[in-house]
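Asker: Pasting a structure below so you can have a look.
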Amino acid sequence: MNGRPAAVTALAQGLTTAQAAEAAGVTTRTVQRWVHDPDFGAEVRDTRKQLLQNAAGMLATGAIRAAETLFRALDDPDTRNQIQAARVIFDTLLPLRASVEFEERMAEIEARLGERQ
């Protein structure tokens, strides 16, 4: 991949304009010009969103194994490992629960707003 799509991907991954230009096989000035194009900016945002969604999917897959590992650690004969596992579970669970509740409330608000229109 080269040209504009390569620059979009590079910038979405957090590379600099110079690095994006190198990846795209164009000059830094060309990438700088593209950056000022609203459509190009939208492409970068959409690509970044897709990259983050892909990463979240991969992490979700690993989350099951990670949770199983934590639960096994709760049965470890070393109480320090048990305490550490319990701490990680609680430290993770509470923000996750708040996030899920927030998303549910936002969906409800959006649904109500949609009914008004």
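Asker: Need one number: nm distance between label points at Ile109 and Arg72, each 7 Å from Cα along Cα→Cβ, rounded to one decimal.
Answerer: 4.2
Asker: Let's see if you can work this out: charge +1 on each Lys and Arg Cβ, -1 on each Asp and Glu Cβ, no other charges. What is the dipole magnitude of the chain about its Cα centre, in debye to the nearest 20? All intermediate terms of the calculation are to be shown ahead of the outcome.
Answerer: Working: 14 positive and 16 negative charges, 73 e Å.
Magnitude of the dipole: close to 340 debye.
Asker: What 222 nm value per residue comes from the helices of the chain, counting each DSSP H run with n ≥ 4 as -39,500 (n - 2.57) and dividing by all residues, nearest 500 deg cm²/dmol? Present the calculation step by step, with values, prior to reporting the outcome.
Answerer: Working: 5 runs with 100 residues, N = 117.
Rounded to the nearest 500, the figure is -29500 deg cm²/dmol.
Asker: Next question, about the same structure. Would you mind computing the Rg to Rh ratio of segment 11-103 from its alpha-carbon coordinates, Kirkwood style for Rh? Please report the intermediate quantities before stating the final value.
Answerer: Numbers: Rg = 21.0 Å, Rh = 16.8 Å.
Over the Cα atoms of segment 11-103, Rg/Rh equals 1.25.
Asker: Calculate the length of the line joining the C-alpha centroid of segment 74-117 to that of segment 1-54, in whole Å.
Answerer: Each part's Cα centre sits 34 Å from the other's.
Read-outs: derived from the displayed coordinates by stated rules, not from any lab. A quick note: this is a predicted structure, and the numbers were derived from the prediction, not measured. Ideal geometry is used to build each Cβ from the backbone, glycine not excepted, and the neighbour counts take in all protein chains shown.
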